[in-house]
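What follows is a set of notes on a single structure, which appears directly below.
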Amino acid sequence: MKATIIGGGGRVGSNAAICLQCAGIVSEIQILDANQDLADGEALDLLHGASSLHDQRIYAGDYDRAKDSDIFIITAGLRRKPDESRLDLINRNVGLFSQILQSIKSAGMKDDAIVFVVSNPVDILTHLAVSYLGLPQSQVIGLGTMLDTARFRSLIADGLNLAPTQVKALILGEHGDTMFPVWSSATVGGLPLSGVKGCDVNFQREVFSRTQKSGSEVISRKGGAGWAVGATIAETVHAIALDKKQMLPISSLQTGSYGLKDVCISTPTIVGRKGAEKHIEIDLWPKEVQGLQASARALKDMLKNVAGV
Ligand SMILES: NC(=O)c1ccc[n+]([C@@H]2O[C@H](COP(=O)([O-])OP(=O)(O)OC[C@H]3O[C@@H](n4cnc5c(N)ncnc54)[C@H](O)[C@@H]3O)[C@@H](O)[C@H]2O)c1
């Protein structure tokens, strides 16, 4: 599988590249960036490590060389300022994003290629990509609440002294201010998390609040998120490459589950070689369904103000 990372010279794109390289599942990684020197430098640095890691082709390229990609990972964009909401980024990022979609389309792409949006505001830009590219809707996905979910699980595990990979708890909705935690299905090692000593209402409130503020906290301390987002991008790419049918909280165009339509948002989604293959509607608490619907309303309000969607 060939993965092209557009914006691959930046922090998120380069961190995704090293995660894809360390895992050794994709066979080809192309770094594409408006800053050619940066793309060349990152690709060269990754290439230097190939002999210690995996037999992959790694290089800096362009849209023409990208046209046989199996997956386009779009991480190009302007970073959020510490006090800026993701949706405030919208007008700054939409123009840049539209140019990238145009470049992909005019160079050409494989019929079954997946377009994977990471740049923020991710749900809005995923919608823009669905509208513009005219691909089957399953082939356009966004990172959605994958990173929020990873942060949530890791912080729960850290706070309760549990193994991070054994904690299963979801954040759904918008990747942004209206995302919400799903406590109804939270487990550790297959048993309800609510039974674990210390996982009381106060802990739950605090750990979700810390998760919500994680993006801003990382931006203000180190300039931008990188490693964890790289890990979740790789997790999603591997679900596609290996046709895992993994249930992930990615963002995709909704077609009716939980009563949601015409909006790209994170709901439980089966991810395989065709991208967002199926939305799974499993019972949630009524307040969680309301949270999902409120998130969808917020995104639809925002969509009304975006030209070209
Ligand atoms: N969805 C998520 O969970 C999530 C998490 C973290 C960051 N992000 C988003 O990822 C994006 C990138 O963040 P970053 O920290 O890597 O920023 P960065 O500034 O480090 O990197 C952005 C890169 O994009 C490149 N670029 C800009 N315009 C381009 C274009 N037209 N074509 C190709 N490349 C172009 C820049 O040269 C730069 O290398 C931002 O939109 C950020 O908000 C999303």
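Let's see how each residue does on (1) out of contact with any Lys or Arg (no Cβ under 7 Å at 6 or more places or on another chain); (2) aliphatic (A, V, I, L, M); (3) away from the ligand (no atom under 14 Å from the Cβ); (4) in a helix (DSSP H, G or I):
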site	(1), (2), (3), (4)
I18	yes, yes, no, yes
I29	yes, yes, yes, no
A43	yes, yes, no, yes
S69	no, no, yes, no
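Sort out which residues of the range 167-190 are of a type in the set (D, E) and either part of a strand (DSSP E or B) or surrounded by fewer than 24 Cβ atoms within 10 Å (Cβ to Cβ) (or both), and write them in order of number.
D177
I need a count of the residues in the range 202-215 that are surrounded by 16 or more Cβ atoms within 10 Å (Cβ to Cβ) and either within 12 Å of the ligand (Cβ to nearest atom) or among the polar types (S, T, N, Q) (or both).
The total comes to 5.
Do you know which residues across the range 218-231 are more than 15 Å from N120 (Cα to Cα) and either within 9 Å of the ligand (Cβ to nearest atom) or crowded, with 21+ Cβ neighbours inside 10 Å (or both)?
V218, G223, A228
Considering only residues that are out of contact with any Ser or Thr (no Cβ under 7 Å at 6 or more places or on another chain) and not in a loop (DSSP other than H, G, I, E, B), look in the range 279-291 and name the one that is farthest from I90 (Cα to Cα).
The qualifying residue farthest from I90 (Cα to Cα) is P286.
For A239, which of the numbered conditions (1) under 27 Å from E84 (Cα atoms); (2) of a type in the set (G, A, S); (3) in contact with a strand residue (DSSP E or B) (Cβ under 6 Å, 6 or more places away or on another chain) fails to hold?
Every listed condition holds for A239 apart from (1).
Where a number appears in this text, it was derived from the coordinates with a stated rule and is not lab data. Predicted model, so just to flag it, every value in this text is computed and none were measured. All Cβ positions, glycine included, derive from the backbone under ideal geometry; neighbour counts span all protein chains shown.
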